[in-house]
Amino acid sequence: MATAGDRARDLGIAFDGKPGKFNAITDVAGVEVGHVTLIEGEGRTEVGRGPVRTGVTVVLPRGHVSSKPVNGGFFNLNGYGEMTGQSYLQDLGLVYGPIGISNTNAIGQVYAGIQRWTAEKFGEASTPVVAETWDGGINDIQGFHVTPEHAMEAIERAKGGPVVEGNIGGGTGMRCFGFKGGIGTASRTISIGEKPYVVGVLVQCNTGARDVLRISGTPVGHELNAKWLPCYAPGQSAQKKKPECEADGTGGKPVPDDGSIIVVVATDVPLSSTVLNRVARRASLGIGRLGSFSGNGSGDLIVSFSTTSAANDVPDEQLKEGPMVATGQLDPVFQATVEATEEAIVNALVAARTMTGANGYTLFGMPHDELKQILGLYRRQQAK
């Protein structure tokens, strides 16, 4: 059975690389994460009233103490989605203020909330990165339940240390490889020369087809492709011929590789925006390790940033890049990004719990006991 606070390594799942203290994006010094979760109502959808299964997650590259930009990069693996701030990333290579993640219809509200918070805190509104994934299956998304105040509250709640995962914040209503999905995070410690660094990743996973899912190289999706698929609580769906849930986990219907995933990559390695674009591209390889082929209906968008760059220490009009890590020394950063992205997605799957929402739509949490059994059959668990 799932236990509160379970993470992938708690189940004995094997991963490459060495994680940081919290195995989270917050292992990068100064980075903070905050969530606001909205859960209300049940049964048939009434637009504007619920059921509500959504929220906001924010990543603060410089915490609460600074409005200075960070060098940033991005990669559009598949553009069936939205991420604001790309003009600044393309031309200036900068991320301004908190990064917001929520549902598709909340982009404007989260953007406005971040602008209001930065204006009140620092005297000038930022032009932030805000990204989305679709939670309209389980949430009354047309009811626009996320407000600017929720984004501001998420920022105020942001902190370092351990990060809550699964059904939390922007990930509350998300589906990942046909299971309940949501927020996940991981990190890797690396060395370049003799100097230690950290690469951290946070994902909002709402993508993937069940049959392709691989965990630690094991075809978990193939083994679990007949049970625990999305379905509707008996008698609750407003539409006919919807698959109804059975007590034994059968009755569900496979879903395509759609819905989107947002990846945020943070590091304290001093990197230029050009290199950070390359780092963002590597996160897509981490997504691919789970089996995703980045389906047509999935907005797979990645933003990356470095917290230690000369750009953070001077006024905007004097922005210039200081000494950066040489191109030939980047492989540890690339490898850490792939590894942390893979583990962050698995952490999202392991942490998420079964949830029923709008019209009785049910997303099952990953069955831990069955997962461990499958990994054991393929001998892909690590020794404890």
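Which of the residues spanning region 206-224 are open to solvent by 40 Å² or more (accessible area, probe 1.4 Å), at pLDDT 95 or above and assigned to a loop (DSSP other than H, G, I, E, B)?
Selection gives 214 alone.
Is it the case that region 307-320 has a residue that's buried (at least 20 other Cβ atoms within 10 Å of the Cβ), under 21 Å from residue 165 (Cβ atoms) and either at pLDDT below 85 or not basic (Lys, Arg) (or both)?
No, because not a single residue in region 307-320 is buried (at least 20 other Cβ atoms within 10 Å of the Cβ), under 21 Å from residue 165 (Cβ atoms) and either at pLDDT below 85 or not basic (Lys, Arg) (or both).
Here's the yes/no breakdown for (1) aromatic (Phe, Trp, Tyr); (2) in contact (Cβ under 8 Å) with a residue 24 or more places away in the chain; (3) not in a strand (DSSP E or B):
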position: 150; (1), (2), (3): no, yes, yes
position: 154; (1), (2), (3): no, yes, yes
position: 163; (1), (2), (3): no, yes, yes
position: 186; (1), (2), (3): no, yes, no
position: 196; (1), (2), (3): no, no, no
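It is to be established whether one or more residues within region 69-79 are within 19 Å of residue 121 (Cα to Cα) and either of a type in the set (Lys, Arg) or assigned to a loop (DSSP other than H, G, I, E, B) (or both).
yes
For residues that are surrounded by 17 or more Cβ atoms within 10 Å (Cβ to Cβ) and not in a strand (DSSP E or B), tally how many sit in region 1-40.
Total satisfying the criteria: 18.
Can you name every residue in region 40-63 that is closer than 21 Å to residue 112 by Cβ and either under 21 Å from the mean Cα position of the chain (by Cα) or modelled with pLDDT under 95 (or both)? Write out each step before concluding.
Step one: filter region 40-63 for residues closer than 21 Å to residue 112 by Cβ, giving 48, 52, 54-62.
If the condition is that a residue be closer than 21 Å to residue 112 by Cβ and either under 21 Å from the mean Cα position of the chain (by Cα) or modelled with pLDDT under 95 (or both), then 52, 54, 55, 56, 57, 58, 59, 60, 61, 62 are the ones that fit.
Condition (residue is of a type outside the set (Asp, Glu) and over 20 Å from the mean Cα position of the chain (by Cα)) applied to region 197-211: is it met by at least one residue?
yes
List, please: which pairs have Cβ atoms under 6 Å, are six or more places apart or on different chains, and start with a residue in region 245-272 that is charged (D, E, K, R) and end with one that is in a strand (DSSP E or B)?
Short answer, once both residue conditions are applied: 268/197; 268/198.
Starting from region 62-77, keep only residues that are among the β-branched types (Val, Ile, Thr), then list their pairs with residues that are buried (at least 16 other Cβ atoms within 10 Å of the Cβ) and assigned to a loop (DSSP other than H, G, I, E, B) whose Cβ atoms are within a distance under 7 Å, requiring at least 6 positions of separation or different chains.
70/61; 70/62; 70/307; 70/309
Looking only at region 241-289, filter to residues that are part of a strand (DSSP E or B) and over 15 Å from the mean Cα position of the chain (by Cα); which one of those is surrounded by the fewest Cβ atoms within 10 Å (Cβ to Cβ)?
If we take residues in region 241-289 being part of a strand (DSSP E or B) and over 15 Å from the mean Cα position of the chain (by Cα), then 244 is surrounded by the fewest Cβ atoms within 10 Å (Cβ to Cβ).
Restricting to region 116-136, and then to whatever is touching a residue at least 24 places away in the same chain (Cβ under 8 Å) and over 18 Å from the mean Cα position of the chain (by Cα), can you tell me which residue is most open to solvent (accessible area, probe 1.4 Å)?
It comes out as 124.
Which of the residues spanning region 162-178 are over 11 Å from the mean Cα position of the chain (by Cα) and open to solvent by 10 Å² or more (accessible area, probe 1.4 Å)?
Once the filter is applied, which keeps residues that are over 11 Å from the mean Cα position of the chain (by Cα) and open to solvent by 10 Å² or more (accessible area, probe 1.4 Å), region 162-178 yields 162, 163, 164, 167, 175.
The values are calculated or read from the model by the stated rules, or taken from the named source; none is laboratory data. Being a predicted model, the structure only gives us computed values, none of them experimental. For neighbour counting, all protein chains shown are included, and Cβ atoms are generated from backbone atoms with ideal geometry for every residue, glycine included. The protein model used for the area step is the full one, side chains on, heavy atoms only, and it has no ligands, DNA or RNA in it. Shrake-Rupley method; radii C 1.70, N 1.55, O 1.52, S 1.80 Å.
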